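The values are calculated or read from the model by the stated rules, or taken from the named source; none is laboratory data. Nothing here was measured: the structure is a model prediction, and the numbers come from that model. Using ideal geometry, Cβ is built from the backbone for each residue, glycine included, and neighbour counts are taken over all protein chains shown.
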Amino acid sequence: MTKYEGPDLIPVEPKLRDGKRKVITYFHDECCFHALDYKDNNGNIIADAREIIYPGLKGDAWWDTEQLLKQIKHAIAIHNHVQPDTIALFVFDQSSAHALLLPNALNAWNMNKSNGGKQKLCKDTIIPQSNPSMEQHGQWQKMTMEDGLVKGMEVVLTERGFNVLKMKAKCSPVCPIENKDCCMAQLLSHQEDFKNQILMLAMVIQEVGHECIFLLKFHCELNPIEIYWGWCKYCYHQVPKTSFEDSKQLALQYLDTCSLEMICQFIN
């Protein structure tokens, strides 16, 4: 990964071992600009892969995983064209749109206690080597009964050797902190095969040879794009607006005004 040092931002290229490729980092985030926002008398705030939406009752749909995946695929195509023979590293925060699993992923929180009913069908799995009962290690586990009913958590856990006869299905309203066996959903979600489900976003990126990481919650100090948002919104709030169209044009203007050199300083 290229670093920029000193006040003149002198680029320092990485020394790569044979067979290694340079990493190009892309910080992803979302930001809202409110129409007609302007500072008060005290100065207080009242082709690229960028996506601009105008959500609302009669506007665009709110940002979701489908739009995100479309944006990332577009960003990957741009990266492959501009930076061939390098690895793209996408950096995301912990928003719900980023954490969506595949429709058939192993997700204990979407399962019922009993078989059947309204619950999604999970994919079949292999009981991991970390399972407490050694007899089940490496065994293929189907997620449906012989009659086609989707298995509930009670059957899945019992087949793995757990005694859950007196265990509740799920805690309410939430599970106690640092507890891994307070309920069936918590116990099953901590099993290795359930715990290590790949996110849909990560799968889209990794299957074409690139990588992604997810920042910790309350990560603002770790993501330089937050400084970029702050700079753009500060400039945006300095100018009075008279219409929604004015607001749109000014938001786009200041998103494009921040120089590459300044963005490098934000990253440093």
Original post:
Using beta carbons and a limit of 7 Å, which pairs, at least six apart or on different chains, have the first residue in region 7-21 and within 14 Å of ILE87 (Cβ to Cβ) and in the same structural domain as GLU261 (by TED's automatic domain parsing) and the second one of a type in the set (Lys, Arg) and assigned to a loop (DSSP other than H, G, I, E, B)?
Top reply: PRO14/LYS22; LEU16/LYS22
**OP:** Only one of these is charged (D, E, K, R) and at pLDDT 85 or above: LYS217, LYS195, LYS241. Name it.
**Re:** LYS195
Original post:
Of the residues ILE205, ILE213, which single one is touching a Cys at 6+ places or on another chain (Cβ under 6 Å) and not basic (Lys, Arg)?
Top reply: ILE205
Original post:
Hey, any hits in region 108-117 for a residue that's more than 27 Å from TRP140 (Cβ to Cβ) and part of a loop (DSSP other than H, G, I, E, B)?
Top reply: no
**OP:** Output the helices (runs of 4 or more DSSP H) that fall wholly within region 172-268 and possess 2 or more residues being touching a helix residue (DSSP H, G or I) at 6+ places or on another chain (Cβ under 9 Å) and of a type in the set (D, E, K, R), or say none.
**Re:** 225-237
**OP:** Give me the pairs, please: first residue somewhere in region 159-179 and surrounded by fewer than 16 Cβ atoms within 10 Å (Cβ to Cβ), second residue anywhere and of a type outside the set (S, T, N, Q), beta-carbon distance under 6 Å, and either six or more positions apart or on two chains.
**Re:** LYS168/CYS183; CYS171/CYS182; CYS171/CYS183; PRO176/CYS182
Original post:
Mind checking whether some residue in region 145-154 is acidic (Asp, Glu), closer than 19 Å to GLU192 by Cβ and out of contact with any Ser or Thr (no Cβ under 7 Å at 6 or more places or on another chain)?
Top reply: no
